[in-house]
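Here is the structure we will look at, set down as structure tokens.
No lab work stands behind these numbers, since they all come straight from the coordinates. Please read all numbers here as calculations on a predicted model, not as lab measurements. FYI the Cβ positions are ideal-geometry reconstructions off the backbone, even for glycines, and counts take in every protein chain you see.
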Amino acid sequence: MNDSLSTNATHLIPEISQLLERQLAVEASFSGTLEKVSPNARASARNLLHYLAVRQLDLRPLQLKLIPMGLTSLGGMEASSMCSIHAVFRALHSLAGLPMPELGKPPVDFITGPQMLHANANRLLGSPCGKRAVRIMVTMPSEAADNYDLVRNLLESGMDMMRINCAHDDAAAWERMVGHLRRAERETGRPCKVYTDLAGPKLRTGPIESLGRVRKVRAIRSPRGAVLAPSLIWFSTEGRTEKPPEGVSEVILVSAGTLEGALPGCTLEMDDARGKGREFQIISSTEASALAQADQTCYFETGANLTLYDRSGEILAKGSIGTLPEISLPLSLAEGDELLLLRDGRQGAHAVRDEDGHVLKPARIPCTLDAIFDCVKPGERIFFDDGKIAGRVESRADEEVRIRITRTGVKGGKLRPEKGINLPDTDLTISALTDKDIADLEFVAKHADVVGLSFVRTPQDVAELQERLRSLGAEQVGIVLKIENRPAFENLPSLLLAGQRWQSFGIMVARGDLAVEIGFDRLSEVQEEILWLCEAAHVPVIWATQILETLAKTGSPSRAEVTDAVASGNAECAMLNKGPYITEAVRFLSGVLERVEANHLKKHNLLRRLAISEIQA
């Protein structure tokens with residue numbers, strides 16, 4: 001035996017012994033919490049506590065001492081934390097030539113720990129398709145309610161979970177989606193889980209004042225202004241709208257009788273919203289519609305008068321432009337501007353300026369969640385539109401919050417309705433379950449395999465969802481907690497222990513909102529921490545937000561997206577969003593994951609102190 005090796009081993013034994021004592025002490029302090037955990041998850045909960053105990057310390061100096069001795073660096077200890085410490089403890093005693101003291105049995109070992117994670121993933125997410133271990137979840141577009149072939153194609157391409165976003169469509173449409181899936185399962189012999197995502201509190205920007213019901217249509221022109229292709233306009237009678245042909249620039253509804261007698265060669269004339277006379281040459285027609293072309297730009301306005309002329313110039317009919325959608329321009333914001341955030345029900349408006357450009361009234365926009373007006377405080381940060389626009393709260397009143405814009409894009413910021421709002425510093429004392437969510441749980445109880453809880457922040461949010469499901473007799477429905485805000489990340493250990501009271505449970509990393517809340521510079525680090533803690537708890541993880549988004553939308557992935565898709569192999573499930581090329585995206589991701597898994601297993605890491613490992617019993 002090498003004397004130096006023996007001496008080093010002897011010196012390290014007390015350090016390892018202290019780690020074991022720390023693990024046991026933390027477990028003992030949570031004995032009451034462990035009693036509430038589901039019996040089949042109790043060993044996993046104990047392993048999580050053992051992992052948290054050692055991650056409250058900086059283990060990097062110890063790791064650097066173990067590696068030269070040919071021992072494990074503890075970098076892959078998540079799934080079997082105490083067993084890993086036991087292994088090092090035994091090895092050190094052997095190297096030191098010392099008798100091994102009696103050790104208690106750890107809750108899991110190197111075999112049973114990973115097996116528990118595997119079993120929990122299969123229970124919650126189902127078995128993956130093909131040779132890969134990572135499942136693929138796909139968000140359903142609205143058309144999936146009426147397009148069976150779309151659902152079947154997704155299933156055959158490798159979809160393992162159907163995601164229904166309860167923020168869109170309604171229960172009748174969701175039921176049709178599920179019906180298509182169950183039919184496709186029977187016909188293909190491939191099983192697939194149904195995941196329903198509760199909408200949660202809606203924290204978004206509200207409407208901006210309308211500029212009227214106007215629609216601009218223009219021809220395609222060369223750089224010199226010559227008309228390269230006229231605009232094609234499909235005039236269709238209100239109440240009798242017909243599908244337009246391909247290549248149409250715009251569909252314009254008209255009043256009944258306007259197109260009576262319209263034939264190719266006829267002309268429609270009108271004065272547009274600017275008072276400019278415009279002509280439209282009819283090139284084809286049906287009983288209730290007419291296809292026309294125009295070389296000049298036209299601003300259509302609801303109610304504008306139309307006159308139909310035959311080839312000789314005789315009037316055939318008169319009518320008017322039907323109801324057009326309201327239009328509103330986004331708010332233009334620059335660094336240093338003021339913005340007023342209004343209570344829901346009020347209407348936003350652009351800044352009012354004098355002739356010299358000085359602001360007389362700042363821009364204003366409503367917020368869909370009135371609860372923030374009771375919680376937000378001066379000095380707190382606020383982000384809009386996935387962090388594209390940043391601000392800081394200056395003051396709060398009963399009806400409005402005054403914000404100073406601190407960051408926009410190089411060319412300024414454009415803030416539109418229905419854009420997300422993030423308040424990472426604000427303590428929002430509201431329930432994660434809205435009245436709509438509670439109503440939607442009735443659908444979940446009847447049709448879903450898994451339900452996702454949005455806006456979760458505290459263990460109380462988890463307990464409320466569990467109680468609602470129990471009251472509906474839906475204990476068989478799995479629960480997924482969406483980690484999408486700073487409090488959820490900071491409370492992750494407590495959320496994991498609360499979730500382990502349920503028979504089937506997982507975590508979703510909602511990286512879009514999470515990046516805004518904790519900072520894009522920290523996202524990679526935070527993702528890793530979530531994966532570590534979930535592996536220690538043997539809780540499966542769904543990797544979400546913008547995976548292969550460009551591929552799903554355009555048919556071609558970016559290089560960065562492919563790298564990100566590879567990273568999703570560290571989770572148990574990867575979520576794809578909807579898009580015209582979603583079927584191709586499923587096939588592509590499935591192939592990537594199969595190839596990556598042939599060369600990759602969970603990473604080994606340096607174990608610095610984790611701030612989120614501090615947890616109160």
Notebook entry, point to check: Rounded to the nearest 500, what is the chain's calculated 222 nm mean residue ellipticity when only DSSP H runs of at least 4 contribute -39500 (n - 2.57) each, over all residues?
Noted result: -10500 deg cm²/dmol
Next item on the list: State the answer as a single residue: which of Ile382, Val352, Ser395 lies farthest towards the positive end of the charge dipole of the range 346-418, with beta carbon charges of +1 for Lys and Arg and -1 for Asp and Glu, about the Cα centre.
Entry: Ile382
Item checked: Among beta bridges that DSSP assigns inside the chain, antiparallel share in %, nearest 5 -> 60
Check: Between Gly275, Gly336, Ala439, whose Cα lies farthest towards the positive end of the dipole of the chain when Lys and Arg beta carbons carry +1 and Asp and Glu beta carbons carry -1, centred on the Cα centre?
Finding: Gly336
Item checked: Relative contact order of the range 2-107, defined on C-alpha pairs under 8 angstrom at six or more residues apart (%) -> 39
Check: Taking R0 as 45 Å, what's the FRET efficiency between Ser524 and Glu35 from their Cβ-Cβ distance, rounded to 0.05?
Finding: 0.75
Item checked: Label-to-label distance, nm, for residues given as Arg311 and Ala172 (7 Å Cα→Cβ offset) -> 4.8
Check: Which value, in debye to the nearest 20, describes the size of the charge dipole of the range 398-508 about its Cα centre when Lys and Arg Cβ atoms bear +1, Asp and Glu Cβ atoms bear -1, and nothing else is charged?
Finding: 640
Notebook entry, point to check: Simple spin-label model, 7 Å along Cα-to-Cβ: Leu64 to Lys553 in nm?
Noted result: 4.5
Next item on the list: Please name which of Ser81, Pro39, Ala91 has its Cα lying farthest along the dipole of the range 3-110 towards the positive end, using unit charges on Cβ (Lys, Arg +1; Asp, Glu -1) and the Cα centre as origin.
Entry: Pro39
Notebook entry, point to check: Roughly how many whole Å is it from the C-alpha centroid of the range 1-58 to that of the range 518-571?
Noted result: 30
Notebook entry, point to check: By what distance, in whole Å, do the Cα atoms of the chain stretch along each of the three principal axes, largest value first?
Noted result: 112, 64, 54
Next item on the list: Helix by helix through the chain, keep the DSSP H runs that span 27 Å or more along the axis on Cα and average at least -0.5 on Kyte-Doolittle, and give those back in order.
Entry: 3-29
Checklist line | Percent RCO, i.e. relative contact order, over the chain, from Cα pairs under 8 Å lying at least 6 residues apart | finding: 17
Notebook entry, point to check: Of Lys216/Lys553; Lys193/Lys436; Lys318/Lys414; Lys105/Lys131, which ones are farther than 31 Å apart at the Cα?
Noted result: Lys318/Lys414; Lys105/Lys131
Check: Give me the log10 of I(q) over I(0) for the range 1-152 at q = 0.11 Å⁻¹, as the Debye formula computes it from C-alpha points; what are the numbers?
Finding: -0.58
Next item on the list: Report Rg/Rh for the range 502-567, rounded to two decimals, where Rg is the Cα radius of gyration and Rh the Kirkwood radius.
Entry: 1.03
Margin query: 7 Å from Cα along Cα→Cβ at both Phe110 and Gln616: what's the point-to-point distance in nm?
Written below: 4.0
Next item on the list: Give the residues of the range 379-399 whose amide nitrogen is closer than 19 Å to a point set 7 Å from the Cα of Lys361 in the direction of its Cβ.
Entry: 397-399
Note to self: Report the Cα centroid-to-centroid distance between the range 428-444 and the range 349-380 in angstrom, as an integer.
What the structure shows: 29
